[in-house]
Structures are given as C-alpha cells and as structure tokens.
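Remarks on the structure that follows.
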Amino acid sequence: MDENKKISSAVIKRLPRYYRYLGELIEGGVQRISSKELSMKMKVTASQIRQDLNNFGGFGQQGYGYNVQYLYNEIGKILGINRTHNMVIIGAGNLASALVNSGDFAKRGFLIQAVFDNNPTLEGLGIGDLKIKMMSEFSDYIKNNDIEIVVLTVPRQVAKDVAHIVVDCGIKAIWNFAHTDLNLSDDIIVENVHLSESLMRLSYTIANNEIIN
C-alpha cells in the first residue's frame with residue numbers, strides 16, 4: 001500500500017464490515033471465498049470489494065479468490081486491531097455499564113481499564129470488574145497508565161468541557177457518545193456516535209419501505 005495514498009472515508013467505513021463478516025466465515029470453517037460470494041453475503045458488489053481491497057494491495061488470487069484467514073488478519077492490521085488499545089470511560093451511567101460488560105471490545109483488542117465520574121456517591125461502586133474512580137484522579141491516572149482512547153458517555157451539556165480536560169491530559173483519540181459533535185483541534189481524532197440518528201435512519205426505512213445502503 002502507498003502510504004501517501006488517500007483512502008476515502010467510504011472505504012474506511014466498510015473495512016470493519018469486511019472484518020466482521022470474515023470473522024463469521026472463519027467461525028463457520030470457510031477457508032477461501034470469491035469476491036462474488038463475499039458480495040452476496042455483504043450486499044456490496046464484487047467490483048466494489050475488489051476496488052476497496054486494491055487500495056491496500058488486493059490480497060486475492062485469480063481463479064482462487066481470497067484466503068479468508070489471511071484477509072481477516074491483513075484487514076485487522078489495516079484497522080490497527082492487531083495490537084491492544086487501552087481505554088477509559090468518563091461517565092458511569094447505563095451506557096458505560098453496557099460497554100464495560102460487552103465482551104466484544106476485548107476480543108478486538110480494545111481494553112477498558114477504568115471508569116470515571118464526578119458523582120461522589122458512585123465512588124468505589126463496581127461496573128463489571130472495575131471500580132468507579134473520581135475525575136479528580138483522572139489526570140494522574142492518564143499520566144501513569146498507557147491510555148490511548150477516552151470514551152465519553154457524559155451529558156451533552158458537559159461534553160465539551162470534559163473533552164478539553166481529556167485533551168489537556170494528552171489524549172489524542174476520543175470516542176464520543178455525548179449527544180453533540182466535538183470539534184477539537186486537527187490533531188485530535190474524534191469519532192462521534194449518535195445512537196438516535198441510527199434509530200431515525202431505521203425509522204425512515206420503515207416509513208419508506210426501502211433499504212438504505
């Protein structure tokens with residue numbers, strides 16, 4: 001892959017889907033698959049799959065298709081999940097509990113190491129195997145631990161202030177579930193997640209009886 005080549009956001013958004021479907025194929029004992037067979041499973045055209053993967057070198061063989069395990073491993077490397085990423089959560093509510101108790105993140109190498117909140121009545125209470133820490137401990141914790149990602153599950157009204165605290169502690173990647181977009185400096189990577197927007201897209205599909213790709 002040409003490191004100077006700009007990969008479109010549409011391709012990047014499809015990579016996790018490839019990874020997920022390939023993982024399911026591996027679990028089903030499938031060793032190789034053609035782009036046509038993969039397109040039928042993923043509802044993406046075979047030519048689109050080939051174009052997407054050619055951005056990173058192709059990985060297929062004429063007349064053979066793709067080695068599922070090899071392609072799975074290579075896409076994992078592209079996505080950066082061939083190594084672990086330590087994370088902490090700020091906001092010890094129901095969403096934080098759901099994230100901590102989900103086993104999928106650890107399987108993908110995303111390890112939730114701590115949960116923080118500013119409500120003193122929550123201090124020391126458990127979420128999964130973790131004890132809730134106070135925000136007064138956050139700065140020292142970040143300095144003394146190898147934390148790469150901070151997950152925000154805080155109310156919209158405080159999200160921007162909390163994000164600035166996070167950035168001031170040297171964190172460069174934020175997974176934001178607060179109901180507001182965070183517009184920070186260009187060197188900070190922010191993934192804004194709006195669950196209500198996903199639900200509204202589902203509502204639109206129901207109302208219009210059509211599939212949105």
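The values are calculated or read from the model by the stated rules, or taken from the named source; none is laboratory data. The structure displayed is predicted, hence computed values, not measured ones. When we count neighbours, we look across all protein chains shown, and the Cβ atoms used for this are built from the backbone with ideal geometry, even at glycine. These accessible areas exclude ligands, DNA and RNA; they are computed on the full protein's heavy atoms, side chains included. Shrake-Rupley method; radii C 1.70, N 1.55, O 1.52, S 1.80 Å.
For the stretch 1-110, GluC sites (Glu not before Pro) are listed when DSSP marks them as loop and at most 14 other Cβ atoms sit within 10 Å of their Cβ; the list is GLU3. Residue order by solvent-accessible surface for LEU53, LEU202 is LEU202, LEU53, largest first, with ligands and nucleic acids left out and a 1.4 Å probe. Within the chain, helices built from complete DSSP H runs that reach 18 Å or longer along their own axis (Cα positions) and carry a mean Kyte-Doolittle hydropathy of 0.0 or higher are 156-168, 195-208. Can you compute the FRET efficiency between ILE26 and LYS172 using 1/(1 + (r/R0)^6), with r the Cβ-Cβ distance and R0 = 35 Å? Round to the nearest 0.05. Computed FRET efficiency for ILE26 and LYS172 comes out at 0.65. Kirkwood radius, the stretch 89-204, all distinct C-alpha pairs, inverse of mean reciprocal distance: 14.8 Å. Among the protein heavy atoms, those of HIS85 account for about 20 Å² of accessible surface (1.4 Å probe, every chain in place). If you run the Gaussian network model on the chain, springs between alpha carbon atoms under 10 Å, then out of MET134, MET40, MET87 the most flexible one is MET40. At a 1.4 Å probe radius, carbon and sulfur cover how many percent of the accessible area of the stretch 74-213? Solvent-exposed carbon and sulfur of the stretch 74-213 make up 49 percent of the total.
For the chain, the mean residue ellipticity at 222 nm estimated from helices alone is -13000 deg cm²/dmol, where every DSSP H run of n ≥ 4 contributes -39500 (n - 2.57) and the total is divided by all residues, rounded to the nearest 500.
When nucleic acids and ligands are ignored and a 1.4 Å probe is applied, LYS143 ends up with an accessible area of around 150 Å².
Computed over the stretch 35-153, the quotient of the alpha carbon radius of gyration and 2.2 N^0.38 Å is 1.48.
With a threshold of 26 Å on the Cα-Cα distance, the over-threshold entries among LYS6/LYS143; LYS107/LYS160; LYS77/LYS160; LYS133/LYS160; LYS6/LYS160; LYS107/LYS133 are LYS6/LYS143; LYS107/LYS160; LYS77/LYS160; LYS6/LYS160.
Structural size metrics of the stretch 103-153, computed from C-alpha coordinates, are Rg and Dmax of 11.5, 33 Å.
Normalised by residue number, the volume inside the convex hull of the Cα atoms of the stretch 52-105 is 117 Å³ per residue.
Ligands, DNA and RNA left out, the accessible area of the stretch 1-54 computed with a 1.4 Å probe is 47% carbon and sulfur.
Given in Å, the Rg to one decimal and the Dmax to the nearest whole number for the Cα atoms of the stretch 1-104 are 16.0, 52.
Over the Cα atoms of the chain, each weighted equally, I'd like the Debye log10 I(q)/I(0) at q = 0.18 Å⁻¹, rounded to two decimals. Taken in order of the listed q values, log10 I(q)/I(0) reads -1.29. Under a GNM of the chain (C-alpha, springs under 10 Å), which listed residue has the highest mean-square fluctuation: LEU95, LEU125, LEU152? Looking only at LEU95, LEU125, LEU152, the biggest GNM fluctuation is shown by LEU125.
Between SER34 and SER196, the modelled label-to-label distance comes to 4.7 nm, taking each label 7 Å out from Cα in the direction of the beta carbon. Per residue, the chain exposes 62 Å² of solvent-accessible protein surface, assessed with a 1.4 angstrom probe and all protein chains in place.
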